[in-house]
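This report refers to the structure that appears directly beneath it.
The values are calculated or read from the model by the stated rules, or taken from the named source; none is laboratory data. Bear in mind the structure is a predicted one, so any value in this text is a computation, not a measurement. Positions of Cβ are generated from backbone atoms using ideal geometry, with glycine treated the same way; all protein chains shown enter the neighbour counts.
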Amino acid sequence: MPQSRSAPRALRLGVNIDHVATLRNARGGIHPDPLRAAHLAIEGGADGITAHLREDRRHISDTDITRLKTELTRPLNLEMAATEEMLGIALRHVPNACCLVPERREERTTEGGLDVIGGLKLLKPFVGKLRDAGIRVSLFVEPDLKTIEASAKAGANIVELHTGKYCHLALDNDAAGVAREFERHRKAAVAAHALGLEVHAGHGLTYNTVAPIARLPEVVELNIGHFLIGEAIFGGLSSAVRRMRTLMDDARSEMSTAPAKARA
Ligand code: PXP
């Protein structure tokens with residue numbers, strides 16, 4: 001059932017703690033602990049925790065997922081590829097949400113969104129199995145209207161818009177590119193909301209790029225990881241999350257239709 005056009009105002013922050021596990025795994029021990037990081041992120045204002053269990057287990061491990069699911073007081077958003085192995089893990093743990101992402105072993109991070117149009121036949125029953133278990137399902141997609149439509153056909157609850165390109169263009173100080181990419185996000189968010197999909201966004205967001213995306217009224221959740229974990233080295237994780245939270249809240253409170261101005 002499509003949602004009303006009066007868009008929701010609250011904006012949640014999901015903190016992705018994958019790279020705490022990256023650092024831990026560099027030495028093969030138990031420090032730093034992603035669960036401790038999750039608690040600190042919540043202390044700083046995170047509404048939920050996101051973790052990506054990759055096929056190659058390069059950062060988050062199966063044990064991390066078990067601990068996060070059993071010990072966290074906030075919702076867990078499990079990012080994963082749409083494979084049978086991951087389906088089994090998700091159905092065993094029943095996280096609050098699963099975000100389906102494309103995954104290639106050779107990539108450094110999730111490069112590009114899911115091919116929902118090409119994969120619709122496979123995705124639809126996959127999404128159905130997760131939803132039947134009471135898990136909210138999100139598809140990580142490029143801000144492309146046809147892909148958004150296919151996401152609704154796949155039965156997803158949510159689309160998470162991939163902000164990677166927008167952030168890269170901001171880092172390159174490409175103002176025209178940022179404006180163009182931001183407009184794609186704006187249109188995608190409006191279209192997704194009109195189709196009854198909840199709208200999230202994330203990837204590559206920083207203190208300097210978060211505000212325009214936070215101002216999109218249809219967007220109700222941002223998932224942010226790498227930048228916050230990097231900032232935590234200099235000032236602590238809670239304080240990095242708190243600052244991001246403040247920037248998001250400030251942007252939200254001054255919500256306007258003014259064009260985006262993202263700095264690198
Ligand atoms: N959303 C999704 C679906 C992702 O795969 C990632 C990266 O793991 C993020 C958000 C967060 O991106 P970043 O770590 O660049 O903030």
- Considering only residues that are more than 15 Å from the ligand (Cβ to nearest atom) and farther than 20 Å from Ala51 by Cα, look in the stretch 240-251 and name the one that is surrounded by the most Cβ atoms within 10 Å (Cβ to Cβ). Ala251
- Task: Give the residues of the stretch 187-212 that are on the phi > 0 side of the Ramachandran plot and away from the ligand (no atom under 14 Å from the Cβ), sorted by residue number.
- Result: Gly196
- Query: Which members of the stretch 44-65 meet the condition of being surrounded by 14 or more Cβ atoms within 10 Å (Cβ to Cβ) and more than 17 Å from Thr109 (Cα to Cα)?
  - Reply: Gly44, Gly45, Ala46, Asp47, Gly48, Ile49, Asp64, Ile65
- Message: Here's a check for you: in the stretch 213-228, which residue that is more than 8 Å from the ligand (Cβ to nearest atom) and of a type in the set (Val, Ile, Thr) is surrounded by the fewest Cβ atoms within 10 Å (Cβ to Cβ)?
- Response: Val220
- Task: Go through the stretch 85-106 and give me each residue that's part of a helix (DSSP H, G or I) and either within 14 Å of the ligand (Cβ to nearest atom) or closer than 13 Å to Ile158 by Cβ (or both).
- Result: Met86
- Note on the structure: Flagged in the stretch 24-33 as of a type in the set (A, V, I, L, M, F, W, C) and either under 14 Å from Thr63 (Cα atoms) or touching a residue at least 60 places away in the same chain (Cβ under 8 Å) (or both), in numbering order, are Ile30
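This table checks each residue for (1) outside any loop (DSSP other than H, G, I, E, B); (2) at pLDDT 95 or above.
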{"residue": "Ser6", "(1), (2)": "no, no"}
{"residue": "Ala10", "(1), (2)": "no, no"}
{"residue": "Leu13", "(1), (2)": "yes, yes"}
{"residue": "Thr22", "(1), (2)": "yes, yes"}
{"residue": "Gly45", "(1), (2)": "no, yes"}
{"residue": "Thr50", "(1), (2)": "yes, yes"}
{"residue": "Thr63", "(1), (2)": "yes, yes"}
- Matching residues, the stretch 115-132, being in contact with a Leu (Cβ under 8 Å, 6 or more places away or on another chain) and either outside any loop (DSSP other than H, G, I, E, B) or polar (S, T, N, Q) (or both): Leu123, Phe126, Val127, Lys129, Leu130
- Quick check: is even one residue across the stretch 204-212 among the aliphatic types (A, V, I, L, M), part of a loop (DSSP other than H, G, I, E, B) and buried (at least 24 other Cβ atoms within 10 Å of the Cβ)? yes
- Taking the stretch 107-140, which residues are of a type in the set (Phe, Trp, Tyr) and within 14 Å of the ligand (Cβ to nearest atom)? Phe140
- Message: Condition check: assigned to a helix (DSSP H, G or I), aliphatic (A, V, I, L, M), in contact (Cβ under 8 Å) with a residue 12 or more places away in the chain and within 18 Å of Gly225 (Cα to Cα). Does Ala38 satisfy that?
- Response: yes
- Task: Mind listing just one residue for me: the one in the stretch 71-84 that is out of contact with any strand residue (DSSP E or B) (no Cβ under 9 Å at 6 or more places or on another chain) and at pLDDT 95 or above and, of those, nearest to the ligand (Cβ to nearest atom)?
- Result: Thr83
